[in-house]
Amino acid sequence: MRDDSNRLPLQGLRVLVSRPRQQAAAWQNCLRQAGADTLSISLMSIEPLEEKAAIEAIKRVVMNMDHFQAAVFVSQNAVKYAFEWLDRYWPQLPVGVEYFAVGKATANALRSHGLTAAEAGEAMNSEALLALPSLQKVNGKKIAVFRGQGGRPFLGEKLVQRGAQVQYCEMYRRQLPPDSAELLAASDFGRNIGYNFGNSGGMRGAKKEVQDVISVHSGETLANLIAVIGSFGRYGATSPSENSFKDLPLLVPGQRVAALAGEKAFKKVIIAENATDKAMLTALIDWYREN
């Protein structure tokens with residue numbers, strides 16, 4: 001165990017921040033305030049759906065909002081894009097709709113629109129949301145689920161099993177940014193000797209010893225990471241190997257993503273209670289203190 005008396009809790013770590021570009025800054029700031037260096041290479045981008053068929057499908061749900069007894073929002077992005085539509089058609093939202101959020105940040109996003117939302121517990125996942133008493137007896141209820149394209153089907157399937165009529169409203173797509181693999185392959189991340197990254201993200205000063213850690217905030221981001229490191233061979237002999245990245249500590253939100261990491265042979269998995277910056281930071285500090 002190291003002597004932390006004169007150190008910031010994450011001093012000596014460099015963390016790969018893989019969040020979408022528009023969501024990375026808050027996580028980077030948390031890490032830097034705790035003493036870590038960061039390298040931000042987004043492994044996920046969020047884009048609104050703009051195809052004609054997708055737009056018509058969104059309109060059908062939004063314009064019939066008064067026909068639903070409940071609406072579930074799976075993410076802050078779902079709230080953001082949904083209210084771009086809801087504000088067009090519903091100057092005042094219909095009464096009689098219960099609102100649910102997967103995660104505290106998503107619930108807070110709904111509250112910013114003046115709504116009271118029931119939310120999952122500390123686990124902040126579909127399983128925790130489904131455990132709420134108000135979602136036990138849903139037989140015959142019409143429930144709208146606002147989410148990204150091709151999202152995890154577990155929530156909707158369970159609600160249907162309980163007798164609900166579920167209508168998905170897919171607002172956005174998640175995809176791997178095209179430059180992610182090239183940027184990560186060209187970086188010195190995972191090669192033991194790092195640089196001190198300034199607040200602007202640029203390199204400064206001399207090389208120094210660092211411990212590199214990868215952070216991912218979802219199972220889909222982990223899947224993108226696996227795709228990226230699996231493609232490193234195309235960038236030549238000087239690029240890192242897939243195995244070198246699987247040897248690095250990997251910070252994940254919750255047991256489900258940890259299980260996926262284990263299946264893909266990541267050797268050191270740090271498990272946070274959920275995907276909030278607070279929980280992720282706490283798990284990383286606790287792990288680093290003991291290693």
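The values are calculated or read from the model by the stated rules, or taken from the named source; none is laboratory data. Small disclaimer: the values here were computed from a predicted structure and weren't measured. Cβ placement follows ideal geometry from the backbone for every residue including glycine, while neighbour counts extend to all protein chains displayed. Heads up: the accessible areas ignore ligands, DNA and RNA and are worked out on the full protein's heavy atoms, side chains in. Shrake-Rupley method; radii C 1.70, N 1.55, O 1.52, S 1.80 Å.
Of all residues in the stretch 66-82, exactly one satisfies the criterion of being open to solvent by less than 10 Å² (accessible area, probe 1.4 Å) and among the aromatic types (Phe, Trp, Tyr), namely 73. Look at residue 42 and say whether it is of a type in the set (Ser, Thr, Tyr) and surrounded by 14 or more Cβ atoms within 10 Å (Cβ to Cβ). Yes: the conditions hold for residue 42.
If you filter the stretch 233-275 down to residues that are over 30 Å from residue 127 (Cβ atoms) and of a type in the set (S, T, N, Q), you find that the one that is surrounded by the fewest Cβ atoms within 10 Å (Cβ to Cβ) is 238.
Checking 109, 128 one by one, the residue that is hydrophobic (A, V, I, L, M, F, W, C) and in contact with a Gly (Cβ under 6 Å, 6 or more places away or on another chain) is 128 and no other.
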